[in-house]
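Student: First, the structure itself, so that you have it in front of you.
The values are calculated or read from the model by the stated rules, or taken from the named source; none is laboratory data. Given the structure is predicted, the values throughout are model-derived calculations rather than measurements. Don't worry about glycine lacking a Cβ; one is built from the backbone with ideal geometry, like all the others, and counts go over all protein chains shown.
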Amino acid sequence: MLEQEVDDKGTDQDEAQNMLKTLRDQGFDGSDEKFAVALGRTLEQVQAMIGGTETMTLSNFTLEGLDKRAVAARVAFDFRVGGTLSVAANQADGTYVGTFDVSIQYP
């Protein structure tokens, strides 16, 4: 999915959000409250623009196929994982980023 441009220079939403975060962090000591006052916006509006403190939960992980597999040495293999993403009723729009660890035991 392509990001929507937010200005006439081709800046996409992720780039704009990163610019706002940099401005907040460098110009307002990382304070959402100070940044909101300077922009004349509510704290909630600023947090929605730059990501705020919203989170989503990923649970019920699944692995496609068998959880134990015979794999030849020095051969790459692919595997897919899935899960359930819990989105709140009034979840703020935005880009949510996260990571999780995958452990593989060989042999």
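Student: Pairs, please: C-beta under 6 Å, at least 6 apart or cross-chain, first residue within 30 Å of Asp14 (Cα to Cα) and at pLDDT 85 or above and in the stretch 67-94, second among the charged types (D, E, K, R) and surrounded by fewer than 11 Cβ atoms within 10 Å (Cβ to Cβ)?
Tutor: Filtered contacts from the stretch 67-94: Arg80/Glu64.
Student: With respect to Ser31, is the statement that it is modelled with pLDDT of 85 or more, more than 27 Å from Val87 (Cβ to Cβ) and of a type outside the set (D, E, K, R) true? It would help to see each step written out before you state the result.
Tutor: Working: modelled with pLDDT of 85 or more: yes; more than 27 Å from Val87 (Cβ to Cβ): yes; of a type outside the set (D, E, K, R): yes.
Taking the combined requirement at face value, the residue satisfies it.
Student: In the chain, which helices (runs of 4 or more DSSP H) lie fully inside it and hold 1 or more residues that are in contact with a Cys (Cβ under 7 Å, 6 or more places away or on another chain) and exposed (fewer than 13 other Cβ atoms within 10 Å of the Cβ)?
Tutor: Of the helices (runs of 4 or more DSSP H) lying wholly inside the chain, none has at least 1 residues that are in contact with a Cys (Cβ under 7 Å, 6 or more places away or on another chain) and exposed (fewer than 13 other Cβ atoms within 10 Å of the Cβ).
Student: Do any residues in the stretch 19-45 that are on the phi > 0 side of the Ramachandran plot have Cβ atoms under 7 Å from those of residues that are surrounded by 13 or more Cβ atoms within 10 Å (Cβ to Cβ), where the two are at least six apart or on different chains, and which pairs are they?
Tutor: Gly30/Arg24
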